[in-house]
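These notes concern the structure reproduced below.
We did not get these values from a lab; they are worked out from the coordinates using the rules stated. If you're wondering where the values come from, they're calculated on a predicted model, not measured in any experiment. Using ideal geometry, Cβ is built from the backbone for each residue, glycine included, and neighbour counts are taken over all protein chains shown.
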Amino acid sequence: MRAYVDADILIWHLRGDKKALHFLQDLRKNSDYEMWIGAVQRAEIVFFMKPDEEENTLLLLSQFKTAAVDQACIDLAGKLYRKWNPSHGLDINDAILAAISISTGGKIFCLNKKHYPMPEVSVERPW
């Protein structure tokens, strides 16, 4: 199964958080999961890294496959956004990752499960 790691976990890892490090190490060892990120989550990390962070950031990202965003994904994400934004404040980035996860049958790991209120999305808090 694909394990989609949300940007919040990657950011904490890059900031030196030991819980994030241990979670990623355990996930990598778990043969039940393939390590993935969504294209938008990759963008969140890459766009905001500082020049002195580039080497470590790209090394971390090299451990993941990146799920592409296509027309079907955006169309599904749009439906999710229109349904869940008014009541839960769903943002575009999370809607896209949710659509990717639904389309591939993957599980999202993030620190705030409230970002993914959809019952059809498998989401788990890593610690």
- Item | Spacing of the two label points (7 Å from each Cα toward its C-beta) at Ile92 and Asp52, in nm | 3.2
- Query: If R0 is 22 Å, what FRET efficiency do you get for Met35 and Lys79 from their C-beta distance, rounded to 0.05?
  - Reply: 0.20
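Output the pairs from Lys19/Lys50; Lys19/Lys113; Lys83/Lys107; Lys29/Lys65; Lys18/Lys65; Lys83/Lys114 with a Cα-Cα distance over 19 Å in this structure; if there are none, say none.
Check vs 19 Å cut-off fails for Lys19/Lys50; Lys83/Lys107; Lys18/Lys65.
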- Most mobile listed residue (Arg42, Arg15, Arg28) in the chain, GNM with C-alpha springs under 10 Å: Arg15
- Task: Quick one: which residues, 5 or more positions from Phe109 or on another chain, have an amide H under 5 Å from its amide H? H modelled 1.01 Å from N in the peptide plane, none for Pro or chain starts.
- Result: Tyr4, Val5, Asp6, Glu124
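Return the calculated 222 nm mean residue ellipticity for the chain, to the nearest 500 deg cm²/dmol, obtained by summing -39500 (n - 2.57) across DSSP H runs with n ≥ 4 and dividing by the residue count.
Result for the chain, helices only: -16500 deg cm²/dmol.
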- Message: Just want to confirm a number: the relative contact order over the chain, from Cα pairs under 8 angstrom separated by 6+ residues, in percent.
- Response: 30
- Query: Across bins of 10 angstrom width beginning at 0, how are the C-alpha pair distances of the range 2-124 distributed, in whole percent?
  - Reply: 13, 46, 32, 9, 0
- Helix axis angle, 71-88 relative to the chain longest principal axis, alpha carbon, degrees: 80
- Query: Packing-wise, with mean Cβ within 10 Å as the measure, how do 64-76, 88-100 rank, highest first?
  - Reply: 88-100, 64-76
- Message: What whole-number distance in Å separates the alpha-carbon centres of the range 46-95 and the range 103-122?
- Response: 13
- State to the nearest 20 debye the size of the charge dipole of the chain about its Cα centre, where the only charges are +1 on K and R beta carbons and -1 on D and E beta carbons. 360
